[in-house]
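What follows is a single structure, written as structure tokens, with notes after it.
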Amino acid sequence: MNRRRFLLLTACAALPAMAKAAPEEWQGRAMGADVALRLHGASPAQARGFFAEAARLLAHVESLFSLHRDSDLARLNRDGRLRFPAAGMVELLALSDRLHHATGGAFDPTVQPLWLARARGGDEAAARALAGWDAVAWSRSEVRLARPGMALTFNGLAQGWAADRLAEAAARHDLTDLLIDAGEIRALGPRGWRVGLADAAGHEHRRIRLAGRALATSSPGGTLIGPRGLPHILAPGGGAPLWDTVSVSADSAALADGLSTALCLMPSAAARAALARLPGCRIELAIPAPGGISSGKA
């Protein structure tokens, strides 16, 4: 079961506002998500060079953060420690720490044992006792998990982080007009892209023009797991998600990715406080869960 949150875009979600020529396109896969790149104004040689680097970069993301292969993260979860973590691992740990504190603990990568317990129909209370960001010690020389059985997941960040790295690679190839869809989307260049925002049932609620920003959408009910079919986005302290769907735009796809996940678990006042701590982030769509909250305005 793919545990990443459900990205909700309409079938024609990303269309150039004023397309003059057919774009150069590439498709791949990373972290359980389809990846699509669409370039405008690029020469065939530029596109080939960028697409080759994109494939290498996505393979590197898998080698760091995959939960289903012999990645750095899988070794950390298995051994409880990781010596001399890669720069990307340190970067996501730092971003996780920032989001954890900005969201009052709603964002917490230590929920992996809890997710596995839910997916397998196991003891969630016992698994919840293993969670706790304060039990993760990390530096450039070592990452250590304090309690046996602890495990991390970066599925709430890694797709966005990959999109940000692809944007940096595009700049190295002098590409200025493109759309990156790596589960989260990032639009570069002044052209702008029309994006439809939908709920878990696929009903479109609004469209926005995305230019020079990133967008992420989370829907707890978009993927249901375990024998009871429960939401895949979990609060470390328990409780049901308050929002059916949350879409967030930000300068960074990784930041939008993590924040959209956490906001699904947060009441309106806490969401506003988190946004105040994270300048540049904006809620584009917030649909309350049935019976979860009285107002869709976060």
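List of remarks:
- Between the residues Ala200, Met31, Gly212, the greatest Cα displacement towards the positive end of the dipole of the chain, with unit charges on the Cβ of Lys, Arg, Asp and Glu, is found for Ala200.
- About the centre of its Cα atoms, region 47-149 shows a dipole size close to 180 debye [charges on the beta carbon of Lys, Arg (+1) and Asp, Glu (-1) only; nearest 20 debye].
- Asp174-Ala59 pseudo-label distance in nm [points 7 Å out on the Cα-to-Cβ vector]: 2.7 nm
- Exposure here means at most 13 other Cβ atoms within 10 Å; with trypsin sites (Lys or Arg not before Pro) in a DSSP loop as sites, the longest stretch of the chain lacking them is 141-227.
- Overall form of region 25-92 per C-alpha gyration tensor (a/c, 1.5; a/b vs b/c): prolate
- For the chain, the residue among Gln159, Leu275, Trp115 whose Cα projects farthest onto the positive side of the dipole built from Cβ charges is Leu275.
- Region 230-276 and region 188-227 have Cα centres separated by 14 Å.
- Calculated accessible area for the chain comes out at 42 Å² per residue, all protein chains present (probe 1.4 Å; ligands, DNA, RNA ignored).
- Accessible carbon and sulfur surface of the chain relative to its total accessible area, %, 1.4 Å: 53 percent
- Once C-alpha pairs closer than 8 Å and six or more residues apart are averaged by separation and normalised to the residue number of region 216-255, the relative contact order reads 46 percent.
- The long axis of helix 87-102 is offset from the longest Cα principal axis of the chain by roughly 70 degrees.
- Amide H to amide H distances under 5 Å link His173 with no residue, where only residues 5 or more positions off or on other chains count and H is placed in the peptide plane.
The values are calculated or read from the model by the stated rules, or taken from the named source; none is laboratory data. What you see is a predicted model; the values in this text were computed from it and never measured. Using ideal geometry, Cβ is built from the backbone for each residue, glycine included, and neighbour counts are taken over all protein chains shown. Calculation scope for accessible area: heavy atoms of the full protein, side chains included, ligands and nucleic acids excluded. Shrake-Rupley method; radii C 1.70, N 1.55, O 1.52, S 1.80 Å.
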